[in-house]
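Just so you know, all these numbers are worked out from the coordinates, no wet-lab data involved. These numbers were taken from a predicted model, which means no experiment stands behind them. Because the Cβ atoms are built from the backbone with ideal geometry, glycine has one as well, and the counts that use them run over all protein chains shown.
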Amino acid sequence: MELYYIIAVTDADRGEVMNALFREAGLPMILSMPGRGTAKNEHLAVYGLGETPKTVTCAVAGVQQAAQLTRAAKRRLFIDIPGNGILLTVPLKSVAGGKTLAYLTNDCKTGGTPHMEFKHELIVVILNEGYADFVMDAARAAGAGGGTVLHAKGTGSRRGEKFFGVSLADEKDMLYIIAHADEKAAIMRAIHENAGPGTKAGAICFTLPISSVAGLREREKDEG
């Protein structure tokens with residue numbers, strides 16, 4: 001089974017076009033969420049994630065649908081040129097239930113395994129509402145470029161308070177940060193040490209592998 005969770009981040013005024021591209025690719029379940037960018041001015045041309053309203057569009061896709069969507073986003077939105085947004089794919093390991101699989105794949109048979117050479121990873125940070133800039137400052141100090149903030153509401157139990165000193169049932173922000181694989185550990189460590197559990201930000205973070213990403217500038221060979 002070769003399925004991917006596709007995440008696209010664009011300026012809000014381009015969100016409808018991106019949503020239409022998802023539909024044209026035949027994706028059955030498309031989610032659109034408002035967000036905002038956090039990048040400083042010097043990172044705008046590199047990451048396309050400036051401090052402006054964003055639309056985050058997500059869906060599950062097979063390998064052919066993912067490739068079709070990526071081609072269309074490059075052609076229509078120039079997503080491969082830094083500054084026009086980000087499109088990334090996260091490999092899925094499993095799906096619960098045959099009906100769910102049939103729905104997500106339009107009853108098409110899938111085979112093989114997702115591409116597993118990960119040059120980038122998606123750092124997902126769950127933090128107390130209003131502290132996204134504080135967390136990003138810590139991440140930038142360790143080499144992060146920019147991120148996208150989504151608003152969420154926790155529904156966790158009191159167990160989180162016991163272990164982390166924060167309540168998961170409060171208003172939360174979620175922060176997506178794309179990092180080079182060899183920079184990920186330093187960024188996560190900086191977040192944990194400066195904005196982690198026990199601080200006002202109460203940030204908890206983990207990573208997901210990224211199979212492909214469009215919209216990021218490749219590092220120069222002499223960098224890092």
Segment E171-K93, extension gain: residue separation times 0.36 nm, minus the distance between their alpha carbons: 25.1 nm
Which listed pairs, of K74/K119; K93/K119; K93/K153; K74/K172; K153/K200, have C-alpha distances above 23 Å, in listed order: K93/K153; K74/K172
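Can you give the FRET efficiency for Q64 and M33, using 1/(1 + (r/R0)^6), R0 = 41 Å, r = Cβ-Cβ distance, to the nearest 0.05?
Details: r = 25 Å, r/R0 = 0.62.
Given R0 = 41 Å and the Cβ-Cβ separation, E is 0.95.
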3J(HN,Hα) from dihedral phi, the stretch 210-216, Karplus parametrisation 6.51/-1.76/1.60, rounded to Hz, x for glycine, proline: 10, 6, 8, 8, 10, x, 9
